[in-house]
Amino acid sequence: MGDYVVVLEAPIIVRDVETGEDAINVAVSKVAKALNREKLDFVRVEIGYSRCPVCGAHFESAFVIGSVGLVGMYLTIKVYNAQTVEHAERIAKAVIGKALKKVPLKVYEIHELTGEDEGNGLELDG
């Protein structure tokens, strides 16, 4: 059994926005509201970053076309007592997916917790 930090990537669509900053604000609010409704306030929400294919610079993943925005977000959760990395991934997707129905979740990163890592997460019994 191991403890893991799982970072999931989620595309969030928002409507009636004019700028990338508006899209980010609405997306963060939308995701936080959905997570709080399911009592998942321990999930860390961050804006995703994309890389420019020309210059290689990183920028916030927020795109607006015709007042519809697409915002890439990272959702981080700590999973305790998972049997394998794949098990931790399934748990994270199930827990976060319960709050964000119809949002495709993709694993961005998983790493095992060390003794130095602390914080809240999700613990499963056996």
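Within the stretch 1-90, which trypsin sites (Lys or Arg not before Pro) sit in a loop by DSSP and count at most 16 neighbouring Cβ atoms inside 10 Å? Intermediate results must be reported in sequence, preceding the final value.
Numbers: sites: R15, K30, K33, R37, K39, R44, R51, K78, R90; in loops: K39.
Within the stretch 1-90, the qualifying trypsin sites (Lys or Arg not before Pro) (loop, at most 16 other Cβ atoms within 10 Å) are K39.
Could you work out how far apart the two model spin labels at E18 and L70 are, taking each label as a point 7 Å from the Cα in the direction of the beta carbon, and quote it in nm?
2.4 nm
Which FRET efficiency, nearest 0.05, do E109 and M1 yield, Cβ-Cβ r, R0 25 Å?
Computed FRET efficiency for E109 and M1 comes out at 0.75.
On a 0 to 90 degree scale, rounded to 10, what angle separates helix 20-37 from the longest Cα axis of the chain?
Helix 20-37 sits roughly 30 degrees off the main axis of the chain.
In debye, nearest 20: dipole of the chain around its Cα centre with unit charges on the Cβ of K, R (+) and D, E (-)?
Here the size comes out at about 660 debye.
Rounded to the nearest 500 deg cm²/dmol, what is the calculated helix-only ellipticity per residue at 222 nm for the chain, with -39500 (n - 2.57) per DSSP H run of length n ≥ 4? Each step should come with its number before you reach the end.
Numbers: 2 runs with 33 residues, N = 126.
Estimated from H runs of four or more residues: -8500 deg cm²/dmol.
May I ask you to evaluate 6.51 cos²θ - 1.76 cosθ + 1.60, the Karplus curve with θ = phi - 60°, for each residue of the stretch 50-57 and list the ³J(HN,Hα) values in order in whole Hz, giving x for glycine and proline?
10, 10, 5, x, 8, 9, x, 5
Can you tell me the 0 to 90 degree angle between the C-alpha axis of helix 85-99 and the longest principal axis of the chain, rounded to 10?
Tilt of helix 85-99: around 50 degrees.
To check my understanding: the extent here is largest minus smallest coordinate of the Cα atoms along each principal axis. What are those three numbers for the stretch 14-80, in Å, largest first?
Rounded to whole Å, the extents work out to 40, 29, 11 Å.
I need the chymotrypsin sites (Phe, Trp or Tyr not before Pro) found in the stretch 1-78, filtered to DSSP loop residues with at most 16 other beta carbons within 10 Å of theirs. Spell out each step's value before the answer.
Numbers: sites: Y4, F42, Y49, F59, F63, Y74; in loops: F42.
When the chymotrypsin sites (Phe, Trp or Tyr not before Pro) of the stretch 1-78 are filtered for loop state and at most 16 Cβ neighbours within 10 Å, F42 remain.
Note down the relative contact order for the chain as a percent, whole number, built from C-alpha pairs under 8 angstrom at least six residues apart. Numbers along the way, then the final one.
On the way: 239 pairs, mean separation 52.5, N = 126.
Relative contact order, the chain: 42 percent.
I'm spelling it out carefully: the read-out is Rg and Dmax of the Cα atoms in Å, the candidates are [x] 15.2, 55; [y] 15.6, 49; [z] 27.0, 84, and one was derived from this structure. Which label?
[y]
Read the figures in this text as sums done on the coordinates, not as results from a lab. Computed from a predicted model, the values in this text were never measured in an experiment. Glycine also receives a Cβ, built like all others from the backbone with ideal geometry; neighbour counts cover every protein chain displayed.
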